[in-house]
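Here it is, the structure, as structure tokens.
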Ligand code: NAD
């Protein structure tokens, strides 16, 4: 941590429709992980600043909820166009602060825009239902109403996409919204907020507060914040869920992952290799849906082992802004060290490091936090590496004699974000879909990321809550149901 005096560029907060410098004395450097350079300084805003954002959101709420849904979504239509027009610029910001390649950054922005598009359907999605004559002359109606002030806390790995799992739905439903982005990547949403400002959205409907854990806890504890959406590691997801629960607040908390892919002998191994390589090493393995363990069944083992090693070895690693680069750095030097020490643990515990990505050096970027693609074979079915989220470009290979054995291996995992199967057998695919203990299932798919009109699911330690992000679940999460029962007996009315 450094002090405000050594500032590069301070990232402001956006509160009550105004860009304001934080008053905190605590700032962190925002580092470009490809170059190791500080590109900005982010404030660790305090509880008082969070309080100001909440108060302005609470003031904006009564008028915003009275604004017809049809009028509310007009701002989102404008936002969609602005995001399209600035896609390249936003993608470059993502690559600079997060490290992923420009192509990957554009891909995540497409997903962000897709969520804005889906939320434009709120006038239909937010409808309730009714029934006449639930008893003679009595009618019953369910209507949905917004909650009030809601907040979202997001992680470093998708700076442009994950805030949009929440923001468009929350405001389209009539809530006012506060975002606390990851302090490691605050620049993308800073620019996105400037675009949102250009839509003419009334002040206080959306605010941005930069910070770390104190800002998060202040949001959870503030009595006027009604609901919390969280995405990040399981340790913090558990904390946020428990703390929100103590206040009786609704919360949806998406946590970490350890994703498995099962490769059957009848799979199209060439296709499987390409797709699994992209899943394991794309975004430098820092996707919550990245495949981390490949379980080969029967004869798939030998062929797949060799082909995945060769494909991984051929990937071009470098600065995501440079053309031809297929994999960027991991988020920080600290993260690189953690990944390298986990590879060491794997080797110590009996794994054979077939492709070793430690000590990666990229010419011109000696200060970048690079880890090359790594493939470890022959780990015991239960070892630290097969059970721990690595969040880096490391693929472990384990072998099973049968689909039963592979499914039993998956069932042992504490996480349940995603499981994939590669096969050409419909029956095997159906069995996998039926039995695999994870919330997002891929059949011949490496990154089974649900489209915006489906919930971003997740089971076990990968999710705490009931309603997920995106689509109908988001509408359910951001609204409260009210049921009205009415009797209008003829004899009580004036005769017309
Ligand atoms: P993180 O848990 O370190 O941080 C996430 C957010 O929580 C940040 O905004 C951070 O400021 C805040 N935070 C950190 N420590 C806190 C604390 N002690 N108390 C309160 N708030 C705190 O996660 P990260 O490193 O930014 O992101 C990577 C993790 O996110 C991985 O575990 C990954 O699997 C997970 N992830 C999950 C999903 C999903 O959909 N399940 C999606 C993306 C990322």
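Each value in this text was obtained by applying a stated rule to the coordinates, not by laboratory testing. Keep in mind the model is a prediction, meaning the values are calculated, not measured. Here the Cβ positions follow ideal geometry from the backbone for every residue, glycine too, while neighbour counts run over all protein chains shown.
How high is the FRET efficiency from residue 451 to residue 489, r the C-beta distance, R0 60 Å, rounded to 0.05? Can you show the working numbers first?
Numbers: r = 48 Å, r/R0 = 0.80.
About 0.80, to the nearest 0.05.
Next up: Between the stretch 52-76 and the stretch 187-213, how far is it from one alpha carbon centroid to the other, in angstrom?
Spelled out, the Cα-based centre of one part sits 14 Å from the other.
Along its principal axes, what span do the Cα atoms of the stretch 1-155 show, with the longest given first and each in whole Å?
73, 39, 22
Against the longest principal axis of the chain, how steep is helix 87-98, in degrees 0 to 90 to the nearest 10, with axes from Cα atoms?
60 degrees
Right, something else. By how many degrees, between 0 and 90 and to the nearest 10, does the Cα long axis of helix 234-246 differ from the longest principal axis of the chain?
20 degrees
Dividing the alpha-carbon Rg of the stretch 161-292 by 2.2 N^0.38 Å yields what?
Values: Rg = 18.4 Å, N = 132, 2.2 N^0.38 = 14.1 Å.
Normalised by 2.2 N^0.38 Å, the Cα Rg of the stretch 161-292 equals 1.31.
Which value in Å is the Kirkwood Rh of the stretch 149-190 over different Cα pairs?
Working: mean 1/r = 0.0964 Å⁻¹.
So the Kirkwood estimate lands at 10.4 Å.
Give me D for the stretch 222-336 in µm² s⁻¹, whole number, from Stokes-Einstein with Rh from the Kirkwood sum over alpha-carbon pairs, 20 °C and 1.002 mPa s. All intermediate terms of the calculation are to be shown ahead of the outcome.
On the way: Rh = 16.9 Å.
D = 127 µm²/s.
So, in nm, how far is label residue 323 from label residue 38 when the simple model puts each one 7 Å beyond its Cα toward the Cβ?
Going from the residue 323 label point to the residue 38 one covers 3.5 nm.
Let me ask something additional. Report the FRET efficiency, 1/(1 + (r/R0)^6), for residue 191 and residue 238, where r is their Cβ-Cβ distance and R0 is 25 Å, rounded to 0.05. Intermediate results must be reported in sequence, preceding the final value.
Numbers: r = 32 Å, r/R0 = 1.26.
The value I calculate is 0.20.
Provide the three semi-axes, in whole Å and in decreasing order, of the ellipsoid equivalent to the stretch 259-443 as defined by the square roots of 5 times the Cα gyration tensor eigenvalues.
Numbers: eigenvalues 149, 57, 43 Å².
Calculated on Cα positions only, the semi-axes equal 27, 17, 15 Å.
What per residue convex hull volume, in Å³, do the alpha-carbon atoms of the stretch 267-322 yield?
Numbers: hull volume 4.6 nm³, N = 56.
Output value, Cα hull per residue: 83 Å³.
Same structure again: Ordered by packing density, taken as the mean number of other Cβ atoms within 10 Å over each peptide's residues, highest first, how do 308-321, 132-145, 348-361, 210-223 rank?
On the way: 308-321: 19.1, 132-145: 12.9, 348-361: 16.0, 210-223: 20.8.
Ranking the peptides 308-321, 132-145, 348-361, 210-223 by packing returns 210-223, 308-321, 348-361, 132-145.
Looking at the chain, send over the antiparallel percent of its DSSP beta bridges, to the nearest 5.
Values: 31 of 73 bridges.
Looking only at bridges with both residues in the chain, the antiparallel portion is about 40 percent.
Per-residue counts of other Cβ atoms within 10 Å, averaged by peptide: what ranking do you get for 386-399, 260-273, highest first?
Working: 386-399: 23.0, 260-273: 20.4.
Answer by packing, highest mean first, reads 386-399, 260-273.
So in the stretch 259-443, what percent of DSSP beta bridges are antiparallel if you round to the nearest 5? Present the calculation step by step, with values, prior to reporting the outcome.
Numbers: 3 of 26 bridges.
Taking every DSSP beta bridge within the stretch 259-443, about 10 percent pair in antiparallel fashion.
Placing one identical point scatterer on every Cα of the stretch 390-496 and ignoring solvent, what is log10 I(q)/I(0) from the Debye formula at q = 0.12, 0.18, 0.20 Å⁻¹?
Listed by q, the Debye log ratios stand at -0.56, -1.01, -1.15.
Moving on to the next point. Relative contact order (percent) for the stretch 276-344, with alpha-carbon contacts under 8 angstrom and 6 or more residues of separation? Working shown, then result.
Numbers: 51 pairs, mean separation 18.0, N = 69.
For the stretch 276-344, the relative contact order is 26 percent.
Moving to a separate point now. Contact order normalised by length for the chain, with contacts defined as Cα pairs under 8 Å and 6 or more residues apart; what percent is it?
Working: 1163 pairs, mean separation 90.2, N = 496.
Relative contact order, the chain: 18 percent.
Quote to one decimal, in nm, the extra length available between residue 88 and residue 332 on full extension: 0.36 nm per residue of separation minus the C-alpha distance between them. Intermediate values should be presented prior to the final figure.
Working: separation 244, 0.36 × 244 = 87.84 nm, distance 2.40 nm.
Answer, rounded to one decimal: 85.4 nm.
Just order 231-241, 180-190, 366-376 by mean Cβ neighbour count inside 10 Å, highest at the front, would you? Please report the intermediate quantities before stating the final value.
Details: 231-241: 20.1, 180-190: 24.7, 366-376: 22.9.
The densest-packed peptide leads the list: 180-190, 366-376, 231-241.
Would you work out if the chain is rounded, prolate or oblate? Take a ≥ b ≥ c from the square roots of the eigenvalues of the alpha-carbon gyration tensor; rounded if a/c is under 1.5, else prolate when a/b is larger than b/c, oblate otherwise. Walk me through the numbers on the way to the answer.
Values: a/c = 2.19, a/b = 1.37, b/c = 1.60.
It is oblate, given that a/c is not under 1.5 and a/b is not larger than b/c.
Please compute the contact order of the stretch 259-443 in relative form: average sequence separation of alpha-carbon pairs under 8 Å and at least six residues apart, divided by the residue count, as a percent.
Numbers: 360 pairs, mean separation 52.3, N = 185.
This gives 28 percent for the stretch 259-443.
Given 0.36 nm per residue, what is the gain on full extension from residue 364 to residue 117 after removing their alpha carbon distance, in nm? Write down the numbers at each step before the final one.
Numbers: separation 247, 0.36 × 247 = 88.92 nm, distance 4.05 nm.
Contour length minus Cα-Cα distance gives 84.9 nm.
Okay, next question. Using a 7 Å offset from the Cα along the Cα-to-Cβ direction at both residue 47 and residue 414, what is the distance between the two label points in nm, to one decimal?
3.0 nm
So what's the angle, to the nearest 10 degrees on a 0 to 90 scale, between helix 187-198 and the longest Cα principal axis of the chain?
Rounded to the nearest ten degrees, it is 30.
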